[in-house]
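Enquirer: Please find one structure pasted underneath; my questions will follow.
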Amino acid sequence: MSHEGIRMISREESERTAATEQPLPPAAISPAKVKVDITNGTGMEITWKDGHHSKWTFPYLRDACPCATCHEEREKTGRALGEPRPAPKALFPIYTPPAKPNSAEPIGRYAIKFKWADGHESGIYSWDFLRRLDQNALPFKVAAK
Ligand SMILES: [Zn+2]
């Protein structure tokens, strides 16, 4: 049984949600071209049918993972979508290679899924989610976080 949707949220949060959940026009959430550059590790680029172009690095996408676990972790720690996790406290700095997927696969016609090198693969990045992840390419103004 799910209790989603009945949790209490602050007024600020609900206003922000309302602003970001305005429906987007179909051309804004339909990719005309998707480029996932795993070989060079540069990231993903999407040209949308309305002409906008979006570009994200892989670490940004990994830190914005929309799965329930990552979403909860961000809510608990107050981390924004795409904001890097704080480095773990260690006596000596531990080198963590930048996030990179081993593969990417389409999910139906509405999303893309990455198999990250760190083993994580439960995030499903819908076109709608990705378009909203690129605030500069939104067809309407969204209040700053
Ligand atoms: Zn996740």
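Enquirer: Residues in segment 21-37: is at least one surrounded by 15 or more Cβ atoms within 10 Å (Cβ to Cβ), more than 17 Å from Phe129 (Cβ to Cβ), modelled with pLDDT of 95 or more and β-branched (Val, Ile, Thr)?
Expert: There is no residue in segment 21-37 that is surrounded by 15 or more Cβ atoms within 10 Å (Cβ to Cβ), more than 17 Å from Phe129 (Cβ to Cβ), modelled with pLDDT of 95 or more and β-branched (Val, Ile, Thr).
Enquirer: Name the strands (runs of 3 or more DSSP E) wholly inside segment 72-145 in which the number of residues that are within 14 Å of the ligand (Cβ to nearest atom) and at pLDDT 85 or above is 2 or more.
Expert: 111-116, 124-126
Enquirer: While we're here: Somewhere in segment 70-91, is a residue touching a strand residue (DSSP E or B) at 6+ places or on another chain (Cβ under 9 Å) and in contact (Cβ under 8 Å) with a residue 60 or more places away in the chain?
Expert: Looking through segment 70-91, none of the residues is touching a strand residue (DSSP E or B) at 6+ places or on another chain (Cβ under 9 Å) and in contact (Cβ under 8 Å) with a residue 60 or more places away in the chain.
Enquirer: Trp48: in contact with a Pro (Cβ under 7 Å, 6 or more places away or on another chain) and within 16 Å of the ligand (Cβ to nearest atom), yes or no?
Expert: Values: in contact with a Pro (Cβ under 7 Å, 6 or more places away or on another chain): yes; within 16 Å of the ligand (Cβ to nearest atom): no.
Criteria not met by Trp48.
The values are calculated or read from the model by the stated rules, or taken from the named source; none is laboratory data. All values derive from a computational prediction rather than experimental measurement. When we count neighbours, we look across all protein chains shown, and the Cβ atoms used for this are built from the backbone with ideal geometry, even at glycine.
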